[in-house]
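Trainee: Quick one: this structure, given as structure tokens, is what I'll be asking you about.
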Amino acid sequence: MMLGDDAGGFVLVDISAGLVPGGGIGRYVRDLAHALRTLEAAPRARFLVTRNLRAVAGERLRADEMVSLPFTWRQLALAWMIGTTAGVPFDGLYQGPALVHSPLGYGPTFRHARLLNHIHDLTCLEHPEWHTWRTRTLFAVAAPRAARAADMVLSHSEHVRRQVMREFGVPESRTIVIPPPLGHAFTPLPHETSVEHVARRFRIEGPFVLHVGTLEPRKNHITLVAAFERLCRDGFPGPLVLVGQDGWKFGPIADRLAASPVKSRIVRVRDADDHDLAALYGACTCSAFPSLAEGFGMPLLESMACGAACVISDHPVLVELGQRDCVTVPATDAVALADAMVRLWREPDHRAAVATGGPVRARDYTFPRWAGRLFALYRELLARGTRP
């Protein structure tokens, strides 16, 4: 039987990551839920909720929109590992969806439902030291099996797509890249407006270097701090502004910040909404993003969209996103990073030239365009009907 909206099939989305604070996957899931609940072109959808997150979900969703499980999230994670290993189908537990979108990439597997498995990055395999043992174990057991069993594997970049094909053995025909959407607030503001907002909201005036992202090893803050110290020695008068919460394995980063001879010029911002970020991007001297690994790099896209001059590491995902509109340096080369930032500070024409292409590139990442591509994929998978 062919399943679609009219035939009673529905898309089931696991929204676990979107019900807890945080960016990255959490923000993506919140955007996805919003699109499915509000856009006329959306297919019929319901949302998977674990027992421990049921109350939070109930504040945002109607009861008829939820598929509520009797497990906590940790219990469900254990069930995923067992299920994907043993080939146990989850159709009944998930109340018979036609299509399941797994934003965390753990599946599980199904007898009848189609599966869209979402792999954001493979850092669990590349850098296991950056993750908890629970996350490493869950990813290693469930993600490869779910990817191989999926009807389609979704990634946000061509680099991750190629990794999935190579590491998990997924055929190219069952992989697709659909980048995430850019938030509505991220658009160029008049420079004076940005400067006034930043001064009023954060008491930051004059030139400054900006970094946005959770403080965790893969963001490469230690190299950034070393480069900023060199920038200060070259006469830069402003602060380094770090926007983000403390993340996993923050300890070594905290120690490096505390030991810096310019620690008084390193400003932490833990609470900034999208409008604050747009102003920070618009006012900064440069936006530095020297990550060691990424699945996409949303702060880079936001920076470019707001007209910031960006300097990035040479990680393939960032180079793919930034293309020719950013200054690229080796990821662990603090001297090269400092030299790039010095030039962006001292040469306004160079800074303007680097920033020019970002807003144009950002037009490819609008919310309607993203939703349209994703909904088209949903309908393609729904049109295949149940698995034989």
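Throughout, read-outs are computed from the coordinates displayed, never taken from laboratory work. Note that the coordinates shown come from a computational prediction; the quantities given were computed from them, not determined experimentally. Neighbour counts are summed over all protein chains in view; Cβ atoms, including those assigned to glycine, are modelled from backbone coordinates with ideal geometry.
Trainee: In terms of modelled amide H atoms, which long-range or inter-chain residues lie less than 5 Å from the amide H of Val269?
Mentor: Those lying under 5 Å, H to H, from Val269 are Leu242, Val243, Gly244.
Trainee: Sorted from fewest to most neighbouring beta carbons within 10 Å, what does the list Leu104, Leu280, Leu257 look like? Walk me through the intermediate numbers first.
Mentor: Values: Leu104 21, Leu280 27, Leu257 18.
Starting with the residue having the fewest Cβ neighbours, the order is Leu257, Leu104, Leu280.
Trainee: By how many nm would the segment from Ala258 to Val20 lengthen if fully extended, with 0.36 nm per residue of separation less the alpha-carbon distance?
Mentor: Values: separation 238, 0.36 × 238 = 85.68 nm, distance 2.95 nm.
Using 0.36 nm per residue and subtracting the Cα-Cα distance, I get 82.7 nm.
Trainee: Under the 0.36 nm per residue contour assumption, what length would be gained going from the current alpha-carbon distance of Thr356 and Gln95 to full extension?
Mentor: Details: separation 261, 0.36 × 261 = 93.96 nm, distance 4.99 nm.
That pair, Thr356 and Gln95, stretches by 89.0 nm at full extension.
Trainee: Another question, if that's okay. For the residues Ser194, Ser313, what sequence is obtained by ranking on other C-beta atoms within 10 Å, fewest first?
Mentor: If I rank by nearby Cβ atoms, fewest first, I get Ser194, Ser313.
Trainee: Simple spin-label model, 7 Å along Cα-to-Cβ: Arg384 to Thr332 in nm?
Mentor: 4.1 nm
Trainee: Continuing with the same structure: Post the alpha-carbon centroid distance, region 269-344 to region 58-125, in whole angstrom.
Mentor: Cα centres, region 269-344 to region 58-125: 34 Å.
Trainee: Which value at 222 nm does the chain reach when only helices count, each DSSP H run of 4 or more adding -39,500 (n - 2.57), with the total divided by all residues and rounded to the nearest 500 deg cm²/dmol?
Mentor: Numbers: 16 runs with 167 residues, N = 388.
Mean residue ellipticity at 222 nm (helix-derived): -13000 deg cm²/dmol.
Trainee: Give me Rg/Rg_expected for region 191-364, where Rg uses Cα atoms only and Rg_expected = 2.2 N^0.38 Å with N residues.
Mentor: 0.93
Trainee: A further question on this structure: Mind checking the full-extension length gain between Gln245 and Phe367? Use 0.36 nm per residue of separation minus the Cα-Cα distance, one decimal, nm. Before the final figure, lay out each step's value.
Mentor: Values: separation 122, 0.36 × 122 = 43.92 nm, distance 2.56 nm.
Answer, rounded to one decimal: 41.4 nm.
Trainee: Spin-label point model (7 Å from Cα, Cβ direction): what's the Gln323 to Ala199 distance in nm?
Mentor: 3.6 nm
Trainee: Ok, one more. Return the long-range amide H neighbours of Leu48 (sequence gap of 5 or more, or a different chain), with a cut-off of under 5 Å between placed amide H atoms.
Mentor: Amide H to amide H, under 5 Å and 5 or more residues apart or across chains, Leu48 pairs with Val13, Asp14, Ile15, Val67.
Trainee: Ok, one more. Can you pull out the GluC sites (Glu not before Pro) in region 4-71 whose DSSP state is coil and whose Cβ has at most 14 other Cβ atoms within 10 Å?
Mentor: Numbers: sites: Glu40, Glu59, Glu65; in loops: Glu40, Glu59.
Passing sites in region 4-71 are Glu40, Glu59.
Trainee: From the phi angles alone, apply the Karplus equation (6.51, -1.76, 1.60; θ = phi - 60°) to region 211-225 and give each ³J(HN,Hα) in whole Hz, x where the residue is Gly or Pro.
Mentor: Karplus values, whole Hz, x for Gly and Pro: 9, 10, x, 4, 7, 8, x, 5, 7, 6, 5, 5, 5, 4, 5.
Trainee: Also, I was wondering about something else. So who's got an amide H within less than 5 Å of the one on Phe71, skipping anything under 5 residues away but keeping other chains? H placed 1.01 Å off N, in plane.
Mentor: Arg51
Trainee: Okay, moving on. Would you compute, for the Cα atoms of the chain, the largest minus smallest coordinate along each principal axis and list the three values in descending order, in whole Å?
Mentor: Result for the chain: principal-axis Cα extents of 69, 41, 40 Å.
Trainee: In sequence order, what are the phi-derived ³J(HN,Hα) couplings for region 291-299 according to the Karplus relation 6.51 cos²θ - 1.76 cosθ + 1.60 with θ = phi - 60°, rounded to whole Hz, with x for glycine and proline?
Mentor: Calculated HN-Hα couplings, in order: 4, 7, 7, 8, x, 8, x, 4, x Hz.
Trainee: Could I ask something else about it? Provide the packing ranking of 52-58, 30-36, i.e. peptides ordered by the mean count of other C-beta atoms within 10 Å per residue, highest first.
Mentor: Details: 52-58: 15.4, 30-36: 19.6.
The packing order, highest mean first, is 30-36, 52-58.
Trainee: Would you calculate the separation in nanometres between label points at Ala376 and Ser68, each defined as 7 Å from the Cα along the Cα-to-beta-carbon direction?
Mentor: Distance between label points: 3.8 nm.
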